[in-house]
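The values are calculated or read from the model by the stated rules, or taken from the named source; none is laboratory data. This structure is a prediction, so every number in the text was calculated from the model and none was measured. As a convention, Cβ positions derive from the backbone with ideal geometry for all residues, glycine included, and neighbour counts pool all protein chains shown. Surface areas here come from the heavy atoms of the whole protein model, side chains and all, with no ligands, DNA or RNA. Shrake-Rupley method; radii C 1.70, N 1.55, O 1.52, S 1.80 Å.
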There are 2 protein chains.
Amino acid sequence: MAKNRLRAIPLGGAGEVGRNMWVLEQNDEILVLDCGVMFPEADMLGVDLVLPDITYLRDQKDKIKAIVLTHGHEDHIGAIPYLVPELDFPPIYGTTLTLGMLTGKLKEHRLLDRVRLMKMQAGEPFTIGSFTIEPFSVAHSIPDTVGLAIDTPVGLVIYLTDWKFDHTPVDGRPTDLVKLSELGRRSPLLLITDCVRVESKGYTPSEQVVGEAFDSIFATAPGRIIVATFASNVSRVQQVIDSAEAYGRKVIVAGRSMENTTRIALELGYLRAQQGTLIRPQEAAGLTDDQVAVICTGSQGEPMSALARMANRDYPHVKIKEGDTVVVSATPIPGNEVSVNRVINNLFRLGAEVIYSDNPSGLAVHVSGHAAQEELKMVLAILRPEFVVPFHGDYRHMMLYRKLALGMGGLFSNSNVIIPENGVVMEFSRNYARTTGKVPVGYVYVDGTTVGDVGQVVVRDRQLLARDGILMVVVSIDRTTGELVAGPDVVSRGFVYMRQSDDLIESTKNIVRDALSRRNGGGKTEIDSAFVNRKIKDVVSDYLYGQTRRRPMVLPVVMEV
Amino acid sequence: MAKNRLRAIPLGGAGEVGRNMWVLEQNDEILVLDCGVMFPEADMLGVDLVLPDITYLRDQKDKIKAIVLTHGHEDHIGAIPYLVPELDFPPIYGTTLTLGMLTGKLKEHRLLDRVRLMKMQAGEPFTIGSFTIEPFSVAHSIPDTVGLAIDTPVGLVIYLTDWKFDHTPVDGRPTDLVKLSELGRRSPLLLITDCVRVESKGYTPSEQVVGEAFDSIFATAPGRIIVATFASNVSRVQQVIDSAEAYGRKVIVAGRSMENTTRIALELGYLRAQQGTLIRPQEAAGLTDDQVAVICTGSQGEPMSALARMANRDYPHVKIKEGDTVVVSATPIPGNEVSVNRVINNLFRLGAEVIYSDNPSGLAVHVSGHAAQEELKMVLAILRPEFVVPFHGDYRHMMLYRKLALGMGGLFSNSNVIIPENGVVMEFSRNYARTTGKVPVGYVYVDGTTVGDVGQVVVRDRQLLARDGILMVVVSIDRTTGELVAGPDVVSRGFVYMRQSDDLIESTKNIVRDALSRRNGGGKTEIDSAFVNRKIKDVVSDYLYGQTRRRPMVLPVVMEV
């Protein structure tokens, strides 16, 4: 790479929502920004998590100076325990709460003593190699979020992701408009920004409006109040606690991640509660229903979350009953609509009153943590960067963002708004940008304890299995004569209910017998189990499709005895 | 059943959206209302369609006097080809377009000559046994929709599903307010009504507003215009044709169901187009892009639909390019959000401008065909039925509907708004209602050509296969000595990528060998392949979970040779 060039490469998060990770590279120094996970899409069957692909970094670990984190959400820190061991544990920079959230993860993975955690703070610049980094406060749905102003020899880069303007945030740290104005005066080279809410007009409301909705619910609910939200949304949790204290209720914290996050946020001073407000479930026994509130996980309908278990009458400490008011303080992430609906329907079935973001109550029980159109425009107007790269959104979001930028009275031209793709290398000098190549990127799946060994092939097999099931044909063949010694045996799962499909199974066996005898009838040939295998697969697949119009995976097993 | 009792039983559509089917029963006479399919939920893996459960009707086919259909949507007529053969082909009543849509289906299933289709018409009452039925016009997203006023000895039943008020419908047939008022004066006993849009305040806009949006798009789009919508939304198709004619474009009809429906609607006079407006794809060759429009299927992102194929560069006649404007004239049905997003993102990638219902254009390219809150209230205020049963909605919709009814100044009390469940028998006399039992209901799956033999067990297997895949262990055992003759052979799909997991596969084989030799070491016992089977399953499952934290389906096959 030529000198005085800056490279920027997204390893995840471009054209998708999740697994955010950027590489900034200059003069043999690499800075990594964020390192998140993505939750699997519906057709990534059985996959737990999706990681960024770090193939590009593996061969140049020694160049990595640091990983710098903007905030403590899963899609920005979740991949660290899986990936830092492969990168020889570079130092990790983050704000207090972000490192607090990360510490919990590292403990679970027994990695805490191997990682160097470096605390940074809004307004306090620090230098790593030839990069000087100044974090600055931005408002988002988790406290202690920062944007990063990164001084490089080529120019000023501003990495501003997961932010909105909130002039009355619950944690008292609004997006630092003064700092943004100052950065704008320094003629930034490049702005990298999220764009996931570009479809929404106007401004995203302040987190404070949710507190007002909570107050009106707490003022009138006759029985218990159960609020489900993201565990990481500490400000939301704070507002539940505030409303509970104002209206004389105690608060039970339910769900593993909610318990963890609340504990960390309390310890680090990001959450405040009066002595005695937070109680254990057993302590609710002596209270009347209108003295109890519950804050819990499950706002996305996740099957094992506290709220989903309550909705399925499977949560020991909170049995939903008539008089309960359940607040789903979140909107479904695309793909989760059906699970969320199922949970809401079941809560209604159990007699609860359910308040969720689309329902007719009109109460604003959720606001987004991301900037809407006018905020996105305002930041462009303040910073006026030479180049802007939207990411943290689907392809359509990035295209709509470009349209929005181009609509700002000639401030930007088509070539100044760059639409990234994962792995595409963007190279910048003081006054031009170009793409110079592509580094390998793919989906890296986490399934159970293993990273990466569940690949595209495995997931593709699961998709086939899920569609029409599997049918195995097992035969034992004499290894010298090629004759059928035992079988064919047919076993099937997910195709037809075997007990009711005797005829189909029997006729399949006959088809196999015929095919094998026809082959062997022509004279003795050397046994070739690959051929027998293929033969069985073809005749059985065709036969079953003809009979059922379905295509189960046909898996022959040929044993030579 | 006592005399002068009326029974109403939903066999589908209560607490779910789809497979609508009602039974009305009195004095040994049964009337079936609608007979629809439901599209499978995400976890009904590999299932094509879900049907109502007609177990209750099978033993009393002779009592069934008729099936009466309200309109031609899949969730009201789609199950007929699958179920009428099992019900000895009772006569089927429907309006002209409804029977036209049904005829196409019956032809495909080679059933047309066995079914008796009886034409009915709004405003023309007819009698079946002791029921007198008067269909009346209602506005919905397909023309020729009717509500049913059903006179019974016990009282007047009004079956009003899939309707909204639209005083300026495209087909010129608004919901018949005068008829509704007349019915209200006759003190109806029971109203059965849909409630799926109860979360929406105010009134659903007229279909006409979509025409205005189309006009503004057709007036300005520089290249081709491609509009995707539901094939059955004949009024939407009409408005595309109208805009095309107004702005000098020809229209290509793309997608099998769009072609079929358009042909039927043209033949029956429900769709009007000037000579030469509708062209075949080949005829577009001589036209400039701004003279071409396409109306196609795929508004739900269905994988093999015309729009999805265009988005995947797999549709021969329409290759998406820069300058194209694509209009997605629908909102995603819950569960389809991800597929719809994927199609929209790919269209953007190919350079098209995409206009969809949530995007910042603000153009109303879709309106619902269902009534919103004020319309639901207005019908209750006009009809003032003794009892009302909401259906055609999730459980939450039915509960919110009850709340809405109870809020109407004492017009209804809790016991007058009955929340149904599939299979629950509601019995009515002139002044009371009660539930008297439950008939069997379950999901009946259609997969490929077979109905019903894919059951809960098969779908459950597919869910297991989809999560962690399958691992088969095959052994050949000497049937007299119980000794291992060949194997263990291990084959896996959807669990780990076998080529990269030699160690795991080898060690699994060893585990099996150990387990079998330990067992046989203790002395000769009679061979028991069920025991061997169980043994292999247990040791392998435990071993794999310990190694990977995953639980593939373990399927041992024991061959005796």
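A few comments on the model shown:
- Note on B:I333 and B:K537: their simple-model spin labels are 3.7 nm apart, each label 7 Å out from Cα toward Cβ.
- Taking one quarter of the surface of the C-alpha convex hull of chain B gives a mean projected area of 32.5 nm².
- Computed per residue of chain A from DSSP H runs no shorter than four, each worth -39500 (n - 2.57), the mean residue ellipticity at 222 nm is -9000 deg cm²/dmol.
- Each other copy holds its own label point for B:S415; taking that point as 7 Å from Cα along Cα to Cβ, the gaps run 8.0 nm, nearest first.
- Peptide-level mean, for A:481-494, of C-beta atoms on other protein chains within 10 Å: 4
- By definition, a body whose alpha carbon gyration tensor gives a ≥ b ≥ c is oblate when a/c is 1.5 or more and a/b is not larger than b/c, and the range A:29-77 fits this oblate description.
- Cβ-derived FRET efficiency at R0 22 Å, A:L177 paired with A:T132, nearest 0.05: 0.50
- With its label point put 7 Å out from Cα toward Cβ, B:H109 sits 5.4 nm from the same residue's point in the other copies, in order from shortest.
- Note on exposure: A:I192, B:I418 ranked by accessible area (1.4 Å probe, complete protein assembly) read B:I418, A:I192, with the most exposed listed first.
- Note that the range A:135-150 has calculated 3J(HN,Hα) couplings of x, 9, 5, 9, 7, 7, 7, 9, x, 6, 7, 10, x, 10, 9, 10 Hz, one per residue in order, obtained from phi through the Karplus relation 6.51 cos²θ - 1.76 cosθ + 1.60 (θ = phi - 60°); glycine and proline are x.
- Counting only other chain Cβ atoms within 10 Å of each residue's Cβ, the peptide A:337-349 averages 5.
- Solvent exposure of chain A amounts to 39 Å² per residue of accessible area, where only protein heavy atoms count and the probe is 1.4 Å.
- Buried solvent-accessible surface, both chains (A, B), 1.4 Å probe, Å² to nearest 100: 5900
- Between B:R513 and B:R5, the FRET efficiency estimated from the beta carbon spacing at R0 = 45 angstrom works out to 0.05.
- Under conditions of 25 °C and 0.890 mPa s, the protein assembly as shown yields 75 µm² s⁻¹ as its translational diffusion coefficient, taking Rh as the Kirkwood radius over Cα pairs in the Stokes-Einstein equation.
- Chain A - percent of accessible surface contributed by carbon and sulfur, probe 1.4 Å: 47
- Simple rule: put +1 on each Lys or Arg Cβ and -1 on each Asp or Glu Cβ in chain A, find the dipole, and look at A:W22, A:I158, A:I355; the Cα lying farthest toward the positive end is A:W22.
- Cα-centre dipole for the range B:40-99 with unit charges at Cβ (Lys and Arg positive, Asp and Glu negative), debye to 20: 400
- Overall form of the range A:361-486: prolate. Here a/c, set by the Cα gyration tensor axes a ≥ b ≥ c, is 1.5 or more, and a/b is the larger of a/b and b/c.
- Take the Kirkwood radius over Cα pairs of the range B:91-152, plug it into Stokes-Einstein at 37 °C and 0.692 mPa s, and you get 262 µm²/s for translational diffusion.
- Peptide B:199-209 - average C-beta neighbours from other chains (10 Å radius): 1
- Directionally averaged projected area (the range B:119-223, Cα convex hull): 9.2 nm².
- Value of relative contact order over chain B, rounded to a whole percent, pairs C-alpha under 8 Å and six or more apart: 15
- Label positions at A:E108 and A:T96, each projected 7 Å from the Cα along the C-beta direction, are separated by 2.4 nm.
- The protein assembly as shown - charge dipole about Cα centre, Lys and Arg +1 at Cβ, Asp and Glu -1, debye rounded to 20: 640
- Restraint check, B:K105/B:K319; B:K61/B:K179; B:K63/B:K119; A:K321/B:K201, Cα-Cα greater than 23 Å: B:K105/B:K319; B:K61/B:K179; A:K321/B:K201
- The range A:208-355, relative contact order in percent, only Cα pairs under 8 angstrom and at least six apart counted: 29
- Neighbourhood net charge (11 Å Cβ-Cβ; Lys/Arg +1, Asp/Glu -1) for B:V209: -4
- Estimated FRET transfer efficiency when R0 is 51 angstrom, pair B:K119-B:R313 (beta carbons, to 0.05): 0.70
- Among the protein heavy atoms, those of A:K535 account for about 60 Å² of accessible surface (1.4 Å probe, every chain in place).
- Peptides A:23-32, A:501-510 ordered by average Cβ neighbours within 10 Å, highest first: A:23-32, A:501-510
- Relative to the longest principal axis of the Cα atoms of chain B, the long axis of helix B:208-220 lies at roughly 80 degrees.
- When the square roots of the Cα gyration tensor eigenvalues are ordered a ≥ b ≥ c, the ratio a/c for the range B:243-337 is 1.5 or more and a/b does not exceed b/c, which makes its shape oblate.
- Placing unit charges on each Cβ (+1 for Lys and Arg, -1 for Asp and Glu) gives chain A a dipole about its Cα centre, and among A:Y432, A:A285, A:H366 the Cα reaching farthest toward its positive end belongs to A:Y432.
- Electrostatic dipole magnitude of chain A [Cβ: Lys, Arg +1; Asp, Glu -1; Cα centre; debye, to 20]: 680
- Size descriptors for the range B:258-408: radius of gyration and Dmax over Cα atoms are 20.3, 63 Å.
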